[in-house]
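As structure tokens, the structure follows; a few thoughts come after it.
The values are calculated or read from the model by the stated rules, or taken from the named source; none is laboratory data. Everything quoted here is computed from the prediction, not taken from an experiment. Note: ideal-geometry Cβ built from the backbone for every residue, glycine included; neighbour counts use all protein chains shown.
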């Protein structure tokens, strides 16, 4: 194994990150320094620029800015309020009712918007004050909101599953979308179990039980929002349109719905488009720089060398998957989910496939694993959004986050070692 490229890559990347350089530029600059080990300066500059440009040359990636825009339209279009009202009628009377409402509404919002940050922002601003009034601590409310919001990255449509499909060499997006449902729901159920124990320990009073009429009324109000799931996922799975076409349809549907709800005005659109453009630009720059790093690592044979090193540790699939999960949990603490997927998929995917693991199953495991990193400092973007919306501090939120972290880790290992949790739905649909 050639150690010089690996050492240059690791040392330069850690140096740039620790010096406060933005993640995208840290990735690009460390990739550039690594390629200089093998080729001249001018060729290195040209190669990195070319790889960043060609890394974005993919029709499938068009889905990401469209889904980001649809998420912003949902955030401003009154959809979150209707999902919360529907969730309240279902689980509001259970112990920890408002926490359950947050979890279910965040899962629904994340599933429709495909964005953890949009979900955390919407749920936190609406439900946070309500939870405080009912006796929940501000910090626990923020912790529930932060962890449940990441389920939108597992339950489709999910931007990050599209990124994994690209990094995995063109895997089926429809298969990945179907594979995410059961793991996402299981993780949500584990979070709800933690909420029940917390509510009983703090003696939070039970909410009012909803009548069947109230359930039906709230369901009908939320139905137009929920119908988007059937349009997007149903269209992709049935082959009526691609994920990219589905994302454009989602934008049009959300815009019409927001205008019909009278929550979006025409003069709001420039602000919504600007927010979406900024978010899309950040994501695309991360993807471009990560694609350049993936190419550099491949050029220097780093994935092959690391794969061989992992396989020499053990020939037991259980041990290898445990090591990979621990490595990804560590990576997720320091790296955002998009570059992590693009950089580490080429490294770990050959290892797990050589052990007989389905690439679709591994994609769900990888994304679920890295979702935990979104809730952890110092890089956890959803953590910062949730804490900011709740107007509290990271230090105060860490303690109530720990049992929710444990619930997510338990769910991760169940999904890792029980493949049918991810593969049953795709198999039923013939994928």
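Scanning the range 171-210 for residues that are without any contact (Cβ under 8 Å) to a residue 40 or more places away in the chain and within 26 Å of residue 157 (Cα to Cα) yields one hit, 189. Out of all the residues in the range 126-136, is one or more assigned to a helix (DSSP H, G or I) and modelled with pLDDT of 80 or more? No, the range 126-136 contains no residue that is assigned to a helix (DSSP H, G or I) and modelled with pLDDT of 80 or more. Within the range 230-238, is even one residue more than 30 Å from residue 418 (Cβ to Cβ), outside any helix (DSSP H, G or I) and modelled with pLDDT under 80? No - not one qualifying residue is present in the range 230-238. With respect to residue 121, determine if the residue is under 23 Å from residue 276 (Cα atoms) and assigned to a helix (DSSP H, G or I). Here the answer is yes, as residue 121 does meet what is asked.
Does residue 330 satisfy the condition of being under 19 Å from the mean Cα position of the chain (by Cα), surrounded by fewer than 17 Cβ atoms within 10 Å (Cβ to Cβ) and free of Cβ contacts under 8 Å to residues at least 40 places away in the same chain? Spelling it out, residue 330 is indeed under 19 Å from the mean Cα position of the chain (by Cα), surrounded by fewer than 17 Cβ atoms within 10 Å (Cβ to Cβ) and free of Cβ contacts under 8 Å to residues at least 40 places away in the same chain. Evaluation of residue 247 against the conditions (1) touching a helix residue (DSSP H, G or I) at 6+ places or on another chain (Cβ under 8 Å); (2) not in a helix (DSSP H, G or I) shows that the sole unmet condition is (2).
Quick check on my filter: what residues within the range 187-218 are farther than 24 Å from residue 149 by Cα and either assigned to a loop (DSSP other than H, G, I, E, B) or touching a helix residue (DSSP H, G or I) at 6+ places or on another chain (Cβ under 6 Å) (or both)? Listed by number, the residues that qualify are 203, 205, 208, 209, 210, 211, 214. Going by the structure shown, is residue 149 buried (at least 22 other Cβ atoms within 10 Å of the Cβ) and either at pLDDT below 75 or assigned to a helix (DSSP H, G or I) (or both)? Judged against the criteria, residue 149 is a match. Screening residue 221 with (1) touching a residue at least 60 places away in the same chain (Cβ under 8 Å); (2) surrounded by 17 or more Cβ atoms within 10 Å (Cβ to Cβ); (3) in contact with a helix residue (DSSP H, G or I) (Cβ under 6 Å, 6 or more places away or on another chain); (4) assigned to a helix (DSSP H, G or I) gives one miss only, at (2).
Applying the criterion of being in contact (Cβ under 8 Å) with a residue 12 or more places away in the chain and more than 17 Å from the chain's Cα centre (by Cα) to the residues of the range 278-289, the residue that is farthest from residue 73 (Cα to Cα) is 289. What do you reckon, is residue 73 buried (at least 16 other Cβ atoms within 10 Å of the Cβ) and in contact with a helix residue (DSSP H, G or I) (Cβ under 8 Å, 6 or more places away or on another chain)? Yes; evaluated as a whole, the condition is true for this residue.
Only residues that are over 23 Å from residue 165 (Cβ atoms) and buried (at least 18 other Cβ atoms within 10 Å of the Cβ) were counted in the range 224-252, giving 1. Scanning the range 225-237 finds one or more residues that are touching a helix residue (DSSP H, G or I) at 6+ places or on another chain (Cβ under 9 Å), in contact (Cβ under 8 Å) with a residue 24 or more places away in the chain and farther than 23 Å from residue 62 by Cβ. Counting only helices (runs of 4 or more DSSP H) that sit wholly inside the range 347-429, not one has at least 2 residues that are in contact with a strand residue (DSSP E or B) (Cβ under 8 Å, 6 or more places away or on another chain). Of everything in the range 152-161 that is more than 13 Å from residue 109 (Cα to Cα) and at pLDDT 85 or above, the residue that is farthest from the chain's Cα centre (by Cα) is 161.
Regarding residue 80, is this residue modelled with pLDDT of 75 or more, crowded, with 22+ Cβ neighbours inside 10 Å and out of contact with any strand residue (DSSP E or B) (no Cβ under 8 Å at 6 or more places or on another chain)? In short, no.
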